[in-house]
Amino acid sequence: MTNILLNKTVGIVAGVAAIGMLASAPAMAKVEGDTITLGSAISFTGKYSTNGIHASNGYNLAVRMINAAGGVKVGGKSYKLAVKYYDDESTPARGAQLAERLIKQDGIKFMLGPYSSGLTKAIAPVTEKFKIPMVEAEGASRSLFTQGYKYIFAVLSTSEQYLASSIALAAEIAKKNGKKPGDVKVAMAFENDPFSLDVRAGVVDDIKKHGMKIVIDDKLPRDLSDMSSTLTKVRAVKPDLLVISGHSKGAATAARQIKEMKIKVPLIAMTHCEAAKVISKFGDSTNGFLCPTQWSETMSYKDNLFGTAGEFDAKVKSTYEGYRNVPYQLAQAAAAVMVWKDALERANSFDIAKVRQALSDTDMKTFYGNIKFSAAGNNIAKPMALRQIQKGKLNVVFPARWATNEVDWPRK
Amino acid sequence: MDNISLLTMAPVLNVQLLVDGLLIGAIFALVAYGLALVWGVTNVKNLAQGDFVMMGGYIAYAMTLAGIHPFLALPVAIVLMFAFGWLIYKTVIYRVVDKDLFTSLLATFGIAIVVQQLLNLIFGPEVKIAESGFGIGEYLDGGLTVSNIKVIAFFLALALALVVVLFMKKSRMGQAIRATSQNARAARIMGIDTDKVYAITFALNAAICGAAGVLISMIWVIQPYFGTSYSIRAFVIVTAAGLGNLPGVIMAGLGLGALEQFGSFILGAEFQQAIVVGLLLVILVIRQIQQSRHRQVVK
């Protein structure tokens, strides 16, 4: 009996010692031999897993392309890129833990972001604490850039820009029809969560700028599965523009009930049309919906690595199976890796202060769009675009510079 | 208050809200009836009620993936969920039937979490729908639109409730269930296998939830974590109507559906669920005050 107990104790002690040794083993340095290792905690499981995997595919593709094209040149030497991943299980607390582990244990000095604003918000304080720069591609919340963070750089447009362009479009259409933008009536339905409220803030700013009237301002509950009362109101007050943001559940619910209640509004804009697959689910009734996008393969951006946006699109489809449409989440992740290559080469050093400075001086053109960071770290060189569902296809209609098609107005 | 004047200026809006509310309310009532059944017979307050509803919805969704019309999922969901309910009873619930309130609450809460996570693992976190493709009816010069599936679901929910009532009144098992709910000990003395009665009751409830879930998937949207709101609604209805009061459950269900619609129209959509929870609070206070001494039984 005592023997067994003793054995057990010894076993436990040995186990603890082994773990301890693992932990104190020489940390994998950020640059080892000819490899620069970037680190990322990303969602391979849990509720963000779909987009987490898109993002990691984007990171991996860019790494592969950069390595094939000769790698990153620092101090006259070519380095290969690699990414060390941990699965954050879509939980912020775990993400923060893993970021700390990447930095402290694995010695990562250059971070890539996680997926979603929530996870980025959890990780940013950690990278900030250790003064480790992070280029992130998937956290759009504008609250990330109001904290005075110095080490976060985001390649994507922030959330308040998502639907603001629909207001500009409505104003333009009003003028074209000889009306004043001030006569435009806007109905708003936004989920009561940080992302959608950011989107709403941007919309409200632009509504004020144009002097438009807000006729409905509903906040949708988190577990939203019915918005028929909001739509009944829409039918009664007949707005010129209906703006909806509530992740994919909002888009799916709205699309279903707009169809069922035969809601006729000349312009309808909503986020997450693609994630909710509204076209395949609700068919013709979704024609005319405006959907914001960070990026579209039809845009005329290009760079030396991937070529044009269209070529990037083709590259993804030939590399990974199962992509009929390439999500922008994947494209912007690839762009984040390109930012790292560019900044490291310009810094021409692995000194963190120099690299951070190089990051903040970034001014580059990529297939994903132009990238230039504000002092707060968000990308100010790339606008959001609006795509409209036209005969079951998403075509860029706004801003005019990227438009491939005229906007259908009024819808249907 | 602009919204109230809208309602008075355009009376047809009231009709739309009322119809939407009543049609969905029937499904709430169905779920609540299942809850009352289990509550009354086994004294287990099933916090996983709404998650069983979601499971039914996902059965319908899975069948649409296989190219089968979601409507045909109704019998499939009933059978599968009955089996699932039986299994859950035999593995978990029978251990907590005669334990105190918190044990059964914890157990069913645990089941709810497991179900949510499993659904999330299998189907992912995005909302899903099952399209019935049954068309949309337009009435009152386009002032009132109702998708036909809602009407069908309404009558189906009522028919299902009727079937369950007949089963309880007429069948041997139904009588045994009622006997057990009145006095389990006496029923046991009379030779009723109460353990079997409990198992059947729990399985029957899961089947009812499954059917409700199929209807929900064709009307609203389903998502692994949306079950909780149905659990809360069911609790509100049962606490308002009482355990043994089927007409009360139906009326409370319909009323809750309509109240949600009007409430969210007038106060804004953000209050749709706040209304439900607020109502639960009010009912609990009133119940506490007029707490009656008479025993409640399933009829």
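Structural remarks
- Part-to-part distance (alpha-carbon centres) for region B:259-280 and region A:360-412, which is given in Å: 38
- Dividing the mean sequence gap of close Cα pairs (under 8 Å, 6+ apart) by how many residues region A:93-210 holds gives a relative contact order of 21 percent.
- Long-range amide H partners of A:F110 with built H, under 5 Å: A:G39
- Convex hull of Cα atoms in region A:286-327, direction-averaged projection (nm²): 3.8
- GNM top mover of A:N348, A:N379, A:N177 - chain A, alpha-carbon springs below 10 Å: A:N177
- Rounded to the nearest 10 degrees, the inclination of helix A:164-176 to the longest alpha-carbon principal axis of chain A is 20 degrees.
- Net dipole in debye of region B:83-208 [+1 Lys, Arg Cβ; -1 Asp, Glu Cβ; about Cα centre; nearest 20]: 760
- The mean number of partner chain beta-carbon atoms within 10 angstrom of a residue's beta-carbon across peptide B:219-225 is 6.
- Within region B:46-89, backbone nitrogen closer than 18 Å to the virtual label 7 Å beyond the Cα of B:Q117 toward Cβ: B:47-49, B:51-52, B:55, B:88
- As a size descriptor, the averaged projected area of the C-alpha convex hull of region B:2-289 was calculated at 16.1 nm².
- Size of charge dipole - the protein assembly as shown - debye, nearest 20, with Cβ of Lys, Arg +1 and Asp, Glu -1, no other charges: 620
- Residue with peak Gaussian network fluctuation, chain B [Cα springs, cutoff 10 Å], from B:M218, B:M55, B:M63: B:M63
- Per-residue extension of 0.36 nm, minus the Cα-Cα distance of A:K84 and A:E100, leaves a gain of 4.4 nm for this segment.
- Burial of 30 Å² or greater, region A:226-240 residues [accessible area, probe 1.4 Å, versus chain by itself]: A:D226, A:S228, A:S229, A:T232, A:K233, A:R235, A:A236
- One way to sum up the overall shape of region A:92-164 is the equivalent ellipsoid from its Cα gyration tensor, whose semi-axes run 22, 11, 10 Å, largest first.
- Normalised contact order of region A:346-412, rounded percent, pairs of Cα under 8 Å and 6 or more residues apart: 15
- Calculated [θ] (222 nm, deg cm²/dmol) that DSSP helices of n ≥ 4 give over chain B, each run adding -39,500 (n - 2.57): -24500 deg cm²/dmol
- Straight-distance candidates among the aspartates and glutamates for linking to A:K104, with alpha-carbon spacing under 18 Å and chain neighbours fewer than 8 residues away dropped: A:E32, A:D87, A:D88, A:E128, A:D351.
- The distance separating the Cα centre of region A:154-200 from that of region B:216-239 comes to 32 Å.
- FRET E, pair B:D195, B:E131, Förster distance 35 Å, beta-carbon r, rounded to 0.05: 0.25
- Per the protein assembly as shown, cysteines lacking a partner by the 4.7 Å Cβ criterion: B:C209
- Each of A:S245, A:S285, A:M270 was placed along the dipole of chain A (beta-carbon charges, centred on the mean Cα), and the one lying farthest toward the positive end is A:S285.
- Rounded FRET efficiency, nearest 0.05, which uses the C-beta distance separating B:L158 from B:Q182 and R0 of 41 Å: 0.95
- Cα-based shape type of the protein assembly as shown, given that a ≥ b ≥ c are square roots of the gyration tensor eigenvalues and the cut on a/c is 1.5: oblate
- Contact surface B-A: accessible area buried, both sides summed, square angstrom, 1.4 angstrom probe: 3100
- Estimated from helical segments only, the mean residue ellipticity of chain A at 222 nm is -13000 deg cm²/dmol, where each DSSP H run of four or more residues counts as -39500 (n - 2.57).
- Most mobile of B:L65, B:L47, B:L280 in a GNM of chain B (Cα contacts under 10 Å): B:L65
- Partner chain coverage, peptide A:260-273 - average Cβ within 10 angstrom: 2
- With a threshold of 18 Å on the Cα-Cα distance, the over-threshold entries among A:K317/A:K391; A:K129/A:K150; A:K213/A:K233; A:K317/B:K128; A:K185/A:K209 are A:K317/A:K391; A:K317/B:K128.
- Which listed pairs, of A:K80/A:K372; B:K99/B:K170; A:K176/A:K264; A:K131/A:K341, have C-alpha distances above 23 Å, in listed order: A:K80/A:K372; B:K99/B:K170
- With the simple spin-label model, which puts each label point 7 Å out from Cα in the Cβ direction, the A:K179 to B:L101 separation comes to 5.7 nm.
- Computed with a 1.4 Å probe over protein heavy atoms only, the accessible surface of chain A comes to 40 Å² per residue.
- Our summary gives chain A a relative contact order of 16 percent, counting only alpha carbon pairs under 8 angstrom and 6 or more residues apart.
- Computed label-point distance, nm, for sites A:R401 and B:V282 using a 7 Å Cα→Cβ extension: 5.5
- Charge dipole of the protein assembly as shown about the Cα centre (unit charges at C-beta), most positive-ward option of B:S264, A:A254, A:I42: B:S264
- With Cα atoms, 0 to 90° folded angle of helix A:309-319 axis to chain A main axis: 50
- When only the Cβ of Lys, Arg, Asp and Glu is charged (+1, +1, -1, -1), the dipole of region A:216-375 relative to its Cα centre reaches about 480 debye.
- Solvent accessible area, Å² - B:F102, 1.4 Å probe, full protein context: 140
- Helix axis angle, B:272-289 relative to chain B longest principal axis, alpha carbon, degrees: 50
The values are calculated or read from the model by the stated rules, or taken from the named source; none is laboratory data. Note that the coordinates shown come from a computational prediction; the quantities given were computed from them, not determined experimentally. As a convention, Cβ positions derive from the backbone with ideal geometry for all residues, glycine included, and neighbour counts pool all protein chains shown. For the accessible areas, the whole protein counts, side chains as well, though only heavy atoms, and no ligand, DNA or RNA atoms are used. Shrake-Rupley method; radii C 1.70, N 1.55, O 1.52, S 1.80 Å.
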